[in-house]
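The values are calculated or read from the model by the stated rules, or taken from the named source; none is laboratory data. Computed from a predicted model, the values in this text were never measured in an experiment. Cβ placement follows ideal geometry from the backbone for every residue including glycine, while neighbour counts extend to all protein chains displayed.
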Amino acid sequence: MARSGQVAEVPLVAGKIKIIPFWPDKPKSWCRQLEAQYRLSKVSEETEKYYHLLSGVDDKVLDLFDDEEESLSDTPYSGLKSKILKEYEISTPDKMEIIF
């Protein structure tokens, strides 16, 4: 664990969960990786998942969302995950434009 004023190196290990850095170009894959870590570590509580998710994203991602709003929700993890996926996923029309 990092001391005050120090930055922990990534990947972080929170309990048994290995949290990899966020993949902005592959948000769905990153979320699947995170979900796999939750299952392996038997983490099922929304709040615990939420805080693990927060520890895997950088300040650029966090700046896009209202942390206060999410943390007060009954489903903070699901809400923030949905917002991240919506923000970072490329829509099908955009994918077609990139391909062609």
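Table for the structure above
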item	result
Pairs where the first residue, in region 71-86, is closer than 14 Å to Pro24 by Cα and the second is at pLDDT 90 or above and hydroxyl-bearing (Ser, Thr, Tyr), C-beta under 9 Å, 6+ apart	Lys81/Tyr50
Region 19-53: number of residues that are surrounded by 17 or more Cβ atoms within 10 Å (Cβ to Cβ) and at pLDDT below 90	1
Subset of region 71-93 that is part of a helix (DSSP H, G or I) and farther than 21 Å from Lys60 by Cβ - its residue that is modelled with the lowest pLDDT	Thr92
Subset tally (residues that are touching a helix residue (DSSP H, G or I) at 6+ places or on another chain (Cβ under 7 Å) and charged (D, E, K, R)) for region 17-48	3
